[in-house]
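Undergrad: Would you mind keeping the following structure in view while I ask a few things?
The values are calculated or read from the model by the stated rules, or taken from the named source; none is laboratory data. This is a predicted model, so every value here is computed, not measured. As a convention, Cβ positions derive from the backbone with ideal geometry for all residues, glycine included, and neighbour counts pool all protein chains shown.
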Amino acid sequence: MRIVGGGSLNALLCQLTADATGLPVWAGPTEASEVGNLLVQAMALGELGSLRDARAVVAESFSPVLYEPRPGGPWDQAYLRFGRLSQGARARRGGDGAG
């Protein structure tokens, strides 16, 4: 998963997103809108030949920060609790809720 723009500067947001999703999060570039605008203009002027070329420029120009999910954290506990609660709710309704 990628977080770009101002949110990429918030380490807590990035780490909690990784923890909640169980996916690695790459944060950055911070000024993604400006960079994207510049690259689209470069493509329109023929300075870059393709979207692949534009992506290569970004990869060579910015170093994203990697946030790895932390196993066994509060999100795992919350997910298990949610599963127990939803099973109890289905049992009280008398089945799977279809119908």
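Undergrad: Do you know which residues across segment 68-90 are in a loop (DSSP other than H, G, I, E, B) and either in contact with a helix residue (DSSP H, G or I) (Cβ under 7 Å, 6 or more places away or on another chain) or touching a residue at least 24 places away in the same chain (Cβ under 8 Å) (or both)? Break it down stepwise before answering.
TA: Taking segment 68-90 and keeping what is in a loop (DSSP other than H, G, I, E, B), we get 68-73.
Result: Glu68, Pro69, Arg70, Gly73.
Undergrad: Only one of Glu47, Glu34 is at pLDDT 90 or above, acidic (Asp, Glu), out of contact with any Leu (no Cβ under 8 Å at 6 or more places or on another chain) and not in a helix (DSSP H, G or I). Can you tell me which? Don't jump to the end; show me each part of the working.
TA: Working: Glu34 fails: not in a helix (DSSP H, G or I).
The unique qualifying residue is Glu47.
Undergrad: Which condition number in (1) exposed (fewer than 14 other Cβ atoms within 10 Å of the Cβ); (2) more than 22 Å from Gly7 (Cα to Cα) is the one that Ala42 fails?
TA: The single condition Ala42 does not satisfy is (1).
Undergrad: On to the next question. Which of (1) free of Cβ contacts under 8 Å to residues at least 24 places away in the same chain; (2) surrounded by 12 or more Cβ atoms within 10 Å (Cβ to Cβ); (3) hydrophobic (A, V, I, L, M, F, W, C) is the odd one out, the single condition Ala32 does not satisfy?
TA: (1)
Undergrad: Further, regarding this structure: How many of the residues making up segment 39-63 are out of contact with any helix residue (DSSP H, G or I) (no Cβ under 9 Å at 6 or more places or on another chain) and of a type in the set (A, V, I, L, M)? Spell out how you get there, then give the answer.
TA: First, pick out the residues of segment 39-63 that are out of contact with any helix residue (DSSP H, G or I) (no Cβ under 9 Å at 6 or more places or on another chain): 41, 44-46, 52, 56, 59-60, 63.
Then keep just the ones that are of a type in the set (A, V, I, L, M); that gives 44-45, 56, 59.
Total satisfying the criteria: 4.
Undergrad: Is one or more of the residues making up segment 7-15 of a type in the set (Gly, Ala, Ser), surrounded by 12 or more Cβ atoms within 10 Å (Cβ to Cβ) and under 23 Å from Arg70 (Cα atoms)? Walk me through it before giving the result.
TA: Of the residues in segment 7-15, the ones of a type in the set (Gly, Ala, Ser) are 7-8, 11.
Going one step further and asking which of them are surrounded by 12 or more Cβ atoms within 10 Å (Cβ to Cβ), we end up with 7-8.
Retained after the next criterion (residues that are under 23 Å from Arg70 (Cα atoms)): 7-8.
Scanning segment 7-15, I find at least one residue that is of a type in the set (Gly, Ala, Ser), surrounded by 12 or more Cβ atoms within 10 Å (Cβ to Cβ) and under 23 Å from Arg70 (Cα atoms), so the answer is yes.
Undergrad: Oh, and also: Of all the residues that make up segment 7-21, how many are in contact with a helix residue (DSSP H, G or I) (Cβ under 9 Å, 6 or more places away or on another chain) and either part of a strand (DSSP E or B) or of a type in the set (Gly, Ala, Ser) (or both)?
TA: Selection size over segment 7-21: 3.
Undergrad: Answer yes if at least one residue in segment 57-65 is surrounded by 15 or more Cβ atoms within 10 Å (Cβ to Cβ), out of contact with any Ser or Thr (no Cβ under 9 Å at 6 or more places or on another chain), assigned to a helix (DSSP H, G or I) and hydroxyl-bearing (Ser, Thr, Tyr), and no otherwise.
TA: no
Undergrad: Among residues belonging to segment 66-86 that are surrounded by 11 or more Cβ atoms within 10 Å (Cβ to Cβ) and of a type in the set (Phe, Trp, Tyr), point out the one that is farthest from the chain's Cα centre (by Cα).
TA: Tyr79
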